[in-house]
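Please read the structure below before turning to the comments.
The values are calculated or read from the model by the stated rules, or taken from the named source; none is laboratory data. This structure is a prediction, so every number in the text was calculated from the model and none was measured. Every residue, glycine among them, receives a Cβ derived from its backbone with ideal geometry; neighbour counts consider all protein chains shown. Just the protein is used for accessible areas: all its heavy atoms, side chains included, with ligands, DNA and RNA removed. Shrake-Rupley method; radii C 1.70, N 1.55, O 1.52, S 1.80 Å.
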Amino acid sequence: MEYSPPPLFKQGASARFKMIVFAGISIALLLVDARMNVLSTVREVVATALYPLQMAALAPRDVGLHMEAYFSSVAALEKEVLKLQRQQIAVADIVQQSQLQQAENNHLRKLMEAREHIPVKSMMGEVLYEARDVFTRKIVLDRGSRQGVVPGRPVIDNLGVVGQVTRVFPFTSEVTLLTDKEQAIPVQVLRNGLRSVAYGRGQSGLLDLRFVAPNADIQVGDVLVTSGIDGVYPGGLAVARVVQVENSATGAFGRVVCVPLAGTQQNTQLLILMSAPDMLPRPPDESETQVKKRAGKMAPIKDPAAAKSAPTAAKPVPVPAPVAAKPAPAAVKPAPATVAPKEVAP
């Protein structure tokens with residue numbers, strides 16, 4: 001039986017010898033490869049065989065790099081999205097402002113066109129806010145007595161009459177809208193010239209034509225304009241359109257409901273008519289003595305036939321005023337007679 005030491009204790013060539021041998025082989029290969037270039041094919045074969053192992057070894061690194069790039073790109077995209085959202089909000093605000101300005105410019109152009117067709121002087125005013133009283137229909141404008149506004153002036157837009165100035169302050173003025181329950185305006189039907197008075201209905205935003213005869217010639221769709229007989233509103237301004245007509249055979253008056261043509265709730269700029277329409281001067285007021293004198297001269301008209309048949313009433317005889325007695329004339333003295341001279345006898 002042959003005895004041999006265990007593999008762990010086997011002794012071979014020394015490490016120094018092995019290093020020298022392998023170093024020599026490496027140097028020889030380097031020289032051969034550098035001079036003859038015969039190991040390029042071997043290198044390619046070895047690189048191809050080791051490529052899968054190389055990719056498997058680099059996989060953890062590639063996964064880490066990809067994850068880092070993914071999360072960094074997500075963060076960058078989130079920042080970009082937030083930035084774009086802010087820009088979108090800013091642009092939307094600018095677009096809304098531009099749309100509002102465009103709408104205001106269009107409205108102002110229409111007001112200027114309407115201003116050219118109005119025969120009286122007018123002034124532009126901006127709506128500041130609505131009145132605090134919920135039971136009235138009033139707005140406040142940024143024009144007051146400092147700008148020449150006085151109570152009673154009409155307020156219109158490019159579509160028609162909006163209301164009337166009722167209170168004036170130094171820098172603001174209060175306008176009562178047509179739809180206020182205390183407001184009334186003389187109107188006439190554009191189609192046939194029928195005159196009436198339109199009254200506001202309050203919160204409903206409509207107008208009523210009161211005291212209209214049941215057989216009045218008013219139809220649904222008729223346009224009502226100012227009649228101009230009140231001396232406040234110029235004639236021919238659009239007021240409302242008839243939307244409902246109720247003729248009751250039993251009632252004394254009909255019911256006519258109208259909707260205003262002017263923008264009583266959505267306008268921001270309005271026109272204030274600064275002067276009254278041109279009207280013929282009114283006759284001067286008669287004094288009390290002239291009225292009494294005219295009343296004394298007036299007598300009832302009598303029927304000629306009845307006057308002939310009726311007995312004539314005795315007219316009172318005027319009594320002459322007493323005449324003062326004149327003094328008796330003084331006695332006239334006779335003129336002295338002329339005595340002829342006597343002849344003297346010779």
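Matching residues to (1) open to solvent by 20 Å² or more (accessible area, probe 1.4 Å); (2) touching a residue at least 60 places away in the same chain (Cβ under 8 Å); (3) more than 24 Å from E113 (Cα to Cα):
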site	(1), (2), (3)
D133	yes, no, yes
I139	no, no, no
D142	yes, no, no
Q147	yes, no, no
R153	yes, yes, no
G160	no, yes, no
Q164	yes, yes, no
D180	no, no, yes
Which of the numbered conditions does R167 fail, given that it passes all the others? Conditions: (1) within 21 Å of Y129 (Cα to Cα); (2) outside any strand (DSSP E or B); (3) among the charged types (D, E, K, R).
(2)
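When you go through G144, G125 one by one, which is the residue that is out of contact with any helix residue (DSSP H, G or I) (no Cβ under 8 Å at 6 or more places or on another chain), more than 15 Å from V162 (Cα to Cα) and modelled with pLDDT of 85 or more? Walk me through how you get there before you give the answer.
Numbers: G125 fails: more than 15 Å from V162 (Cα to Cα).
From the options G144, G125, the qualifying one is G144.
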Part of a loop (DSSP other than H, G, I, E, B), open to solvent by less than 50 Å² (accessible area, probe 1.4 Å), farther than 18 Å from Y199 by Cβ and touching a Leu at 6+ places or on another chain (Cβ under 9 Å): does that describe G221?
no
Which one of these does Q96 not meet: (1) open to solvent by 80 Å² or more (accessible area, probe 1.4 Å); (2) not in a helix (DSSP H, G or I)?
(2)
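Would you confirm whether any residue within segment 138-147 is hydroxyl-bearing (S, T, Y) and either part of a loop (DSSP other than H, G, I, E, B) or touching a Ser or Thr at 6+ places or on another chain (Cβ under 7 Å) (or both)?
no
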Name the pairs whose Cβ atoms lie under 8 Å apart, with the first residue in segment 112-131 and free of Cβ contacts under 8 Å to residues at least 60 places away in the same chain, the second open to solvent by 40 Å² or more (accessible area, probe 1.4 Å) and in a strand (DSSP E or B), and 6 or more positions between them or separate chains?
E130/K138; A131/K138
Scan segment 231-258 for residues that are open to solvent by 50 Å² or more (accessible area, probe 1.4 Å) and within 31 Å of the chain's Cα centre (by Cα) and jot them down.
G235, G236, R241, V243, Q244, R255
